[in-house]
Amino acid sequence: MIYLIGLLMSVASLLLQTWPRFRNRLFGVDTWRHLAMADYYRRKRRDPTVVFDRYLLPEPSDYPPMLRWLLSLFPRRLLERSQWMVSPAFDFVHSFLVFVIAYSFTGSVWASVAAQAAYALAPIVVMANSSLTTRPLASLMFTGLMLTSLAFLATGKWAWFPASLATGTLLFLTHRMALQALVVVTIVLSVFFLTPYFILSAVGGWLLAITVSGGFYWRVFTGHLAMLNWWRGNIHNRFAHQVRGLPGKGQDSADPVFKIYQAIRKAPFVAVFSANVFVIFPIVAAINQALDFPFAGPVTWQREFEFCLVLSLGLMVAGILIRQIPALEFIGEGERYGEYGVFPAAIVVAGLLSSVDPAWEIALAAAVVVVALLGGLAPAIFIQYRVVAKDVDRSVTPEFLRIMAELDSLEQPARLMTIPLALADAALQFSGSKVLSTDSSLGHLHHYDDFFPVLQVPITDIFDRWDIDHLLINENYVQPGELGLDKTPVAMQSGNFCLLRIDNGKDPQS
């Protein structure tokens, strides 16, 4: 009966994450790339000779395969209809796991419910589940790995090592950003707890990932390094418009996502705190323990509590440093590191509530409620409404689908370039076109610099190089005239989308 409460909270969390998708079912960018590659995996099982030749950039895929392999077990049409539920389904399990772990530690239903609420209302969690990506599955795998490591720390038994190897292997095969977060926590936990366990499990999982994937993970890993190298050279254009470059002083963007990015540039560390404002409670707990305040006493699971404190604060500090130090920006958005610290921060909330001095009990409960409403629920709903529910630029709309139908009516598959580049993922899934994009980090390193993140050469040079015969642009993003293509023939206009015909890879008006 007690665990039914946790299940009901997980249902509430799922509804919070999915309500914008009732209005906008086809929101997402990476979604369509994952579905297209899942379909390739599915076809390849039936016919091993099948090759994926839909990308114009000639580099093999080096993306972690786990999510795509799981998706390929389901029919294509079912996935297209229900893709908006995949990420929240993984997080449903994760949310319930918070309750189970918090209750196993505290024995308090209400402390466990508060921990689950702290997890579910973190804006970074809500937004990570707004579309189909690898992040929710990776976050669940990361938590699994941390729990096996915690079990070792609490018991001192190396019998947990095989479980850590297994979960680490699955994590490496799921998401690249998780590897970077794991490097951070491996260093932090090893230094704090003075045990080689964390290093050995991380390295062992990495080697096992290479082995069980038949060597494919080595390509994923080297591609990961290539992607970091590419971003190291292009990070200054992280928030740039693909055609106009970085906004000038006083310039603004109508795109709500880029408005958020521009605001973050003014105070980068704020992004880490706003992504998971509940990290304030691990900070309070650490100060309380360090200075021996009477705010909260020790818990019976002190070793586990310390582990969660170190884990959440280590990831928070790493995120702040990465956001604030320009030389480190290329290794990822700082709040993405904090995403992996949401689970332990939630457990710390449960620990504080179950050990707080009675004189402070009401104040702490009130603080949790205020943070949950003002720092969690309110910003999460606002961002969902602005970025997901009302979106037209990162969603597959009827107007976009009419363009796709026009492309599919051609005698030969179109060789399609898109601006912005993110449109290529949707074109990959909803048409038979070959798109100027790649699923390869080496593809970024070798071929992207001319046109992404900022167009560096006349666009007609790109047409010539890749034999482009059609260009799809979102006119909310850029106008043909800005590209010098105002006289190029329009194959079709549909809403804010314009499909231009590029004859023989060249602008006939040039």
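The values are calculated or read from the model by the stated rules, or taken from the named source; none is laboratory data. What you see is a predicted model; the values in this text were computed from it and never measured. In this analysis, Cβ positions are derived from the backbone assuming ideal geometry, glycine residues included, and neighbour counts consider all displayed protein chains. Just the protein is used for accessible areas: all its heavy atoms, side chains included, with ligands, DNA and RNA removed. Shrake-Rupley method; radii C 1.70, N 1.55, O 1.52, S 1.80 Å.
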Using a 10 Å Cβ count of at most 14 others and DSSP loop calls, identify the longest part of the chain lacking such GluC sites (Glu not before Pro). 1-410
Stretched out fully, how many nm does the piece from residue 69 to residue 291 gain, at 0.36 nm a residue minus the Cα gap? 75.0 nm
In degrees from 0 to 90, rounded to the nearest 10, what is the angle of the helix 161-172 Cα long axis to the longest principal axis of the chain? 30 degrees
Rounded, prolate or oblate for the range 280-389? Axes are the square roots of the Cα gyration tensor eigenvalues, ordered a ≥ b ≥ c, and the cut-off for rounded is a/c under 1.5. oblate
With the 1.4 Å probe rolled over protein heavy atoms, the chain has an accessible area per residue in Å² of 42 Å²
Check which residues have an amide H placed less than 5 Å from residue 497's amide H, if you skip close sequence neighbours. 475
Computed E for residue 374/residue 446 - FRET, C-beta separation, R0 41 angstrom, nearest 0.05: 0.30
Which chymotrypsin sites (Phe, Trp or Tyr not before Pro) in the range 381-482 pass both tests, a DSSP loop state and at most 14 other beta-carbon atoms within 10 Å? none
Going by the alpha-carbon gyration tensor, a ≥ b ≥ c the square roots of its eigenvalues, is the range 142-201 rounded (a/c under 1.5) or, if a/c is not under 1.5, prolate (a/b greater than b/c) versus oblate? oblate
Tell me the accessible surface of residue 394 in square angstrom (1.4 angstrom probe, heavy atoms of protein chains only), to the nearest ten. 60 Å²
Give me the percent of accessible area attributable to carbon and sulfur for the chain, probe 1.4 angstrom. 65 percent
Just how many pairs of Lys in the chain have C-alpha atoms closer than 19 Å, counting pairs that are eight or more places apart or on different chains? 6
Give, in whole angstrom and from largest to smallest, the semi-axes √(5λ) of the equivalent ellipsoid of the chain, with λ running over the eigenvalues of the Cα gyration tensor. 43, 24, 21
Compute the acute angle (0 to 90°) between the alpha-carbon long axis of helix 280-291 and the principal axis of greatest extent of the alpha-carbon atoms of the chain; round to the nearest 10°. 40 degrees
Expressed in nm to one decimal, what extension gain is obtained for the pair residue 207 and residue 7 from 0.36 nm per residue of sequence separation less their Cα-Cα distance? 68.4 nm
Going by the alpha-carbon gyration tensor, a ≥ b ≥ c the square roots of its eigenvalues, is the range 107-217 rounded (a/c under 1.5) or, if a/c is not under 1.5, prolate (a/b greater than b/c) versus oblate? oblate
With 0.36 nm assigned to each residue of separation and the Cα-Cα distance removed, residue 108 to residue 45 gains 17.9 nm
Computed from the beta carbon distance with a Förster radius of 60 Å, FRET efficiency for residue 359 and residue 503 to the nearest 0.05 stands at 0.15
Nearest-0.05 FRET efficiency for residue 465 and residue 490, computed from C-beta distance (R0 22 Å): 0.45
Per-residue [θ]222 nm for the chain (sum of -39500 (n - 2.57) over DSSP H runs n ≥ 4, rounded to 500): -19000 deg cm²/dmol
